[in-house]
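**Student:** Have a look at this one before I ask anything.
Derivation of every value follows stated rules applied to the coordinates shown; laboratory data play no part. None of the values given here were measured: they were computed from a predicted structure. Heads up, the Cβs are rebuilt from the backbone with ideal geometry, glycines too, and the neighbour counts pull from every protein chain shown.
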Amino acid sequence: MLIAIDKRGSINLPAEVRKRLKLEKGAYLDISLSKGGAIVLCPVAIYPTIRLSDKGLSKLQEARRSGKGKLPEWLVKEMKSAEADSE
């Protein structure tokens, strides 16, 4: 497939490529160069992360124990693996 680079340096991935790789609007790609000069694009998944202080983590644990309210599913998944960030 032949594609062109526009004046901003952007390229458009053909629909056939996007469909085969199941890439939708907002998908992320990692770009690298091989030793031979080939451009390599690899789809990557980006997941939101939450950083909490010890105080914030304590409040989160308290909220978990209370069992009140309904949180978004992505936040529930993050909460299950939440730890204090020592940095």
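**Student:** Does the stretch 14-28 hold any residues that are among the basic types (K, R) and assigned to a helix (DSSP H, G or I), and which are they?
**Tutor:** R18, K19, R20
**Student:** Any residue at all in the stretch 38-54 that is aromatic (F, W, Y), loosely packed, with under 11 Cβ neighbours inside 10 Å and under 23 Å from the mean Cα position of the chain (by Cα)?
**Tutor:** Within the stretch 38-54, one or more residues are aromatic (F, W, Y), loosely packed, with under 11 Cβ neighbours inside 10 Å and under 23 Å from the mean Cα position of the chain (by Cα).
**Student:** Pick from I50, I31, I11, I46: which is in a loop (DSSP other than H, G, I, E, B) and either without any contact (Cβ under 8 Å) to a residue 12 or more places away in the chain or touching a Ser or Thr at 6+ places or on another chain (Cβ under 9 Å) (or both)?
**Tutor:** The unique qualifying residue is I11.
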